[in-house]
């Protein structure tokens, strides 16, 4: 079970983009558990308390982009995880999908920020040590998909 309800209000100190990720995590959680229609999930989440403070454009990009690219994202993650992806907790699964999507599709966001954000989501909503797992997997994925950026960071 998660530390916080997936319907918890976003923290007041969070940026609009972080709030978008929190809401995307909630939407993906619903989608992973119930395979609901993305449009229905989006409509429900847009009515949630605090959504007006989220980056709605980034939320849309995450929710719909991840669902559209889920097979590709899972294929990129599968060799980096130690169990079938279906055995991950839904929170870890959703956080990994968000991180993988941003690493592959949002190169304007530094890879360290992408990983940190996914780790923070997992700390907020996931199990006790889930954030360590998410960190390790996304670190390996970043080395594959953002090789030049990761190598440059290691060299500095």
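Is at least one residue of segment 91-102 in a helix (DSSP H, G or I), surrounded by 14 or more Cβ atoms within 10 Å (Cβ to Cβ), more than 9 Å from the chain's Cα centre (by Cα) and at pLDDT 95 or above? Talk me through it step by step, then tell me what you get.
Step one: list which residues in segment 91-102 are in a helix (DSSP H, G or I), which gives 91-102.
Checking which are surrounded by 14 or more Cβ atoms within 10 Å (Cβ to Cβ) leaves us with 91-102.
Filter once more, so that each one left must be more than 9 Å from the chain's Cα centre (by Cα): none.
For segment 91-102, residues in a helix (DSSP H, G or I), surrounded by 14 or more Cβ atoms within 10 Å (Cβ to Cβ), more than 9 Å from the chain's Cα centre (by Cα) and at pLDDT 95 or above: absent.
Under 8 Å between Cβ atoms, at least 6 apart or on separate chains: pull out the pairs that start in segment 41-53 with a residue that is on the phi > 0 side of the Ramachandran plot and in contact (Cβ under 8 Å) with a residue 40 or more places away in the chain and end on any residue that is surrounded by fewer than 15 Cβ atoms within 10 Å (Cβ to Cβ) and part of a loop (DSSP other than H, G, I, E, B).
Every condition considered, the pairs that remain are 50/9.
I need the full set of residues from segment 128-156 which are closer than 12 Å to residue 89 by Cβ and exposed (fewer than 15 other Cβ atoms within 10 Å of the Cβ), in order please. Don't jump to the end; show me each part of the working.
Step one: list which residues in segment 128-156 are closer than 12 Å to residue 89 by Cβ, which gives 128-131, 133-134.
Result: 128, 129.
How many residues does segment 32-64 contain that are surrounded by 20 or more Cβ atoms within 10 Å (Cβ to Cβ) and under 13 Å from the mean Cα position of the chain (by Cα)?
Matching residues across segment 32-64 total 4.
The values are calculated or read from the model by the stated rules, or taken from the named source; none is laboratory data. What you see is a predicted model, and the numbers here were worked out from it, not measured in a lab. Positions of Cβ are backbone-derived with ideal geometry, glycine not excepted, and every protein chain shown enters the neighbour counts.
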